[in-house]
1. Select from the range 87-96 the residues that are in contact (Cβ under 8 Å) with a residue 24 or more places away in the chain and either assigned to a strand (DSSP E or B) or surrounded by fewer than 19 Cβ atoms within 10 Å (Cβ to Cβ) (or both) and list them in ascending order.
2. Being within 21 Å of Ala104 (Cβ to Cβ) and in a helix (DSSP H, G or I), is that true of even one residue in the range 28-36?
3. In the range 22-33, what residues are touching a strand residue (DSSP E or B) at 6+ places or on another chain (Cβ under 8 Å) and surrounded by fewer than 19 Cβ atoms within 10 Å (Cβ to Cβ)?
4. Quick check on the range 62-70. Is at least one of its residues more than 16 Å from the chain's Cα centre (by Cα), part of a helix (DSSP H, G or I) and farther than 18 Å from Ile145 by Cα?
5. Glu36 fails exactly one of the following numbered conditions: (1) closer than 17 Å to Phe123 by Cβ; (2) exposed (fewer than 13 other Cβ atoms within 10 Å of the Cβ). What is the number of that condition?
6. Of the conditions (1) surrounded by 14 or more Cβ atoms within 10 Å (Cβ to Cβ); (2) not in a helix (DSSP H, G or I), Lys19 clears all except one; give me its number.
7. Give me the residue from the range 61-78 that is modelled with pLDDT of 95 or more and among the charged types (D, E, K, R) and, out of that set, surrounded by the most Cβ atoms within 10 Å (Cβ to Cβ).
8. If you go through the range 126-139 one residue at a time, do you hit one that is under 12 Å from the mean Cα position of the chain (by Cα) and either under 20 Å from His27 (Cβ atoms) or of a type in the set (D, E, K, R) (or both)?
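The values are calculated or read from the model by the stated rules, or taken from the named source; none is laboratory data. Please read these numbers as outputs of a predicted model, since none were measured by experiment. Glycine gets a Cβ as well: all are built from the backbone with ideal geometry, and neighbour counts include every protein chain shown.
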Amino acid sequence: MAKKFGVKFIINDEPILAKKINADGCHLGKNDMNIEKARKLLKNKIIGITCHNSKKLIKKALINKADYIALGSFFSSKTKKIQYKANIKTLIYAKNLTKIPIVAIGGIKDTNYKKLLLNKANFLAISGYIWNNKKLSPMEAIKKIK
């Protein structure tokens, strides 16, 4: 379905599964396979790395040629327990360091997403606001942030 609509299909945490189903790539968190091993497995597929709020992890991801980095959590979230809190300074730091895309994650909704876009986040990972919204259907939630 993703290919039909021209959307990249990225598997979270599972590079072996990504390879097996010929996904467009894989996203790796801190407890997942390391990027060097994932790159050998996935070759030229997209590999993204979670960097939370860490300058050290951002630099490491860039050295290891990640295709994108994810920063967050920017806001309070009920989707996952927040271990790391990112802020706009983290986003600006990363933007000044690299041209690869940056994904902002964590507690993003209709009332706060613009701040991230105005500070040059390339993509927003929005799940709880869309899928766990008690007031809006997923389509209604999406329309509010278009």
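1. Hits for the range 87-96 are Asn87, Ile88, Ile92, Tyr93, Lys95.
2. Yes, the conditions are met somewhere in the range 28-36.
3. Asp24, Gly29, Lys30
4. yes
5. (1)
6. Every listed condition holds for Lys19 apart from (2).
7. Checked the range 61-78; the qualifying residue surrounded by the most Cβ atoms within 10 Å (Cβ to Cβ) is Asp67.
8. Taking every residue of the range 126-139 in turn, at least one turns out to be under 12 Å from the mean Cα position of the chain (by Cα) and either under 20 Å from His27 (Cβ atoms) or of a type in the set (D, E, K, R) (or both).
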